[in-house]
Amino acid sequence: MKLTPRLKTIADLIPEGARVCDVGSDHGYLVAYLVEENKVSKAIASDINQGPVDNALSTFKENNLAGQIEVRLGGGLEPYEPKELDVAVIAGMGGMLIRDIIKDELPLAKSLEFLILQPMTQQSELRRWLVENEFEIFNERNIREGNKYYEIFCVRPGRTVLTDIVQYEIGFHKTQEALDPVQCKEFAAFLEHKICKYKIITKEIAQKGSEDSVETLEQAKARLKKLEEVLSDVCQW
C-alpha cells in the first residue's frame, strides 16, 4: 500500500515491533500499511463515528488484512486500556481537539512510550499546552504536500526546554547543528510559508480596524517579526 508523504512520515516514526493505535483513523490506511509491512506487533484503528470504522474495515478487507487489525468505535483514547499500547497516533485534526483528547485520558497518554501528533491547525497552541503539561517534544518533521505543510511531532512525558517563544511556532529542534544543507533549505521554505501566512493574518486584522483587534494585531506582528529573524539566521547557515 502506498501512503501519502504525510502518512509515510508518521509510519517511519513508529518503532519496529511497536503496539500502535491510530485515533480517528478514517480509512485505516496507516495501520494497514504498518501491518502489511510487518512493522508492528499490534495495530488498532479507532474512530468516534461508525462511518470511518466501516471505511477502515473495507480497507482491511480489500487488502487481505481482515482479522489482522482490530477496529474500535469510540472517541479519542477512551477505547484503549492502560499498558496495551506503546505508541498512539493522533493525526489529521485540529490542535485543540488533539489537546482535549490527551487531556481527557491524561494518565493513559502519559503511560505510553510516546504519541505522534499531527495537528492541522493551532500547532503553536498545542505545543504550548504540551510544554505546560510536562510533555517533552523530542522529534519533529515538517512535510510538504502540494501547497500545504504538515507539522508532525513526537511527544512523551518529560520536560521541554523553551529558550524562545518562537519555538511554539517553529518547533524545538531546528538549529544549525541539527540540520544538514538540504534540511536547512527545507526549513527555510517552511519558514517562508509561515511568514506568508502571518502577513495575510496581519493584513486581515488591520483591515478590521476595531479596538478589540489591536492586541491581536500586535501579537501577530510580533510573531511575524520573530519568524523573519529566524529566517534571516537560517539563510546565513
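The values are calculated or read from the model by the stated rules, or taken from the named source; none is laboratory data. Since the model is a prediction, treat every value here as computed from it, not as a measurement. Ideal geometry is used to build each Cβ from the backbone, glycine not excepted, and the neighbour counts take in all protein chains shown. When the accessible area is computed, the model is the full protein with side chains, heavy atoms only, and any ligands, DNA or RNA have been set aside. Shrake-Rupley method; radii C 1.70, N 1.55, O 1.52, S 1.80 Å.
For region 31-46, the criterion of being over 27 Å from Ile137 (Cβ atoms), of a type in the set (S, T, N, Q), without any contact (Cβ under 8 Å) to a residue 24 or more places away in the chain and in contact with a strand residue (DSSP E or B) (Cβ under 7 Å, 6 or more places away or on another chain) is met by no residue. Ala222 meets the stated requirement of being within 27 Å of Glu140 (Cα to Cα) and either touching a Gly at 6+ places or on another chain (Cβ under 8 Å) or not aromatic (Phe, Trp, Tyr) (or both).
In region 184-224, what residues are polar (S, T, N, Q), under 27 Å from the mean Cα position of the chain (by Cα) and modelled with pLDDT under 90?
Within region 184-224, Thr216, Gln219 meet the criteria.
A single entry from Ile14, Ile10, Ile44, Ile48 fulfils the requirement of being within 17 Å of the chain's Cα centre (by Cα) and more than 22 Å from Lys148 (Cβ to Cβ): Ile14.
Helices (runs of 4 or more DSSP H) fully within region 1-102 that include at least 3 residues being within 21 Å of Glu113 (Cα to Cα): 5-12, 29-36. Only one of the numbered conditions (1) closer than 20 Å to Ala11 by Cα; (2) of a type in the set (Asp, Glu); (3) in a helix (DSSP H, G or I) is violated by Glu151, and that is (3). Looking at the structure I just gave you, is Leu106 at pLDDT 95 or above, open to solvent by 10 Å² or more (accessible area, probe 1.4 Å), farther than 26 Å from Glu169 by Cα and not basic (Lys, Arg)? Considered against the rule, which asks whether it is at pLDDT 95 or above, open to solvent by 10 Å² or more (accessible area, probe 1.4 Å), farther than 26 Å from Glu169 by Cα and not basic (Lys, Arg), Leu106 comes out as no. Only one entry of Gln236, Gln219 meets the criterion of being free of Cβ contacts under 8 Å to residues at least 12 places away in the same chain and over 24 Å from Arg99 (Cβ atoms), and that entry is Gln236.
Is it true that some residue in region 117-139 is in a strand (DSSP E or B), surrounded by fewer than 18 Cβ atoms within 10 Å (Cβ to Cβ), out of contact with any Lys or Arg (no Cβ under 6 Å at 6 or more places or on another chain) and touching a residue at least 12 places away in the same chain (Cβ under 8 Å)? Scanning region 117-139, I find at least one residue that is in a strand (DSSP E or B), surrounded by fewer than 18 Cβ atoms within 10 Å (Cβ to Cβ), out of contact with any Lys or Arg (no Cβ under 6 Å at 6 or more places or on another chain) and touching a residue at least 12 places away in the same chain (Cβ under 8 Å), so the answer is yes.
Name the residue, out of Asn64, Asn38, Asn49, that is open to solvent by 70 Å² or more (accessible area, probe 1.4 Å), within 28 Å of Trp129 (Cβ to Cβ) and not small (Gly, Ala, Ser). Can you show your working first?
Working: Asn64 fails: within 28 Å of Trp129 (Cβ to Cβ); Asn38 fails: within 28 Å of Trp129 (Cβ to Cβ).
Only one candidate qualifies: Asn49.
Look through region 25-35, keep the residues that are at pLDDT 95 or above and closer than 22 Å to Met93 by Cβ, and return whichever of them is most open to solvent (accessible area, probe 1.4 Å). Write out each step before concluding.
Within region 25-35, the first condition is being at pLDDT 95 or above, and the residues that meet it are 28-35.
With the extra rule that they be closer than 22 Å to Met93 by Cβ, the set shrinks to 28-34.
On the way: Gly28: 0, Tyr29: 100, Leu30: 6, Val31: 1, Ala32: 1, Tyr33: 33, Leu34: 0 Å².
Filtering first and then ranking leaves Tyr29.
Restricting region 160-182 to residues that are assigned to a helix (DSSP H, G or I) and loosely packed, with under 13 Cβ neighbours inside 10 Å, the residue that is nearest to the chain's Cα centre (by Cα) is Val182.
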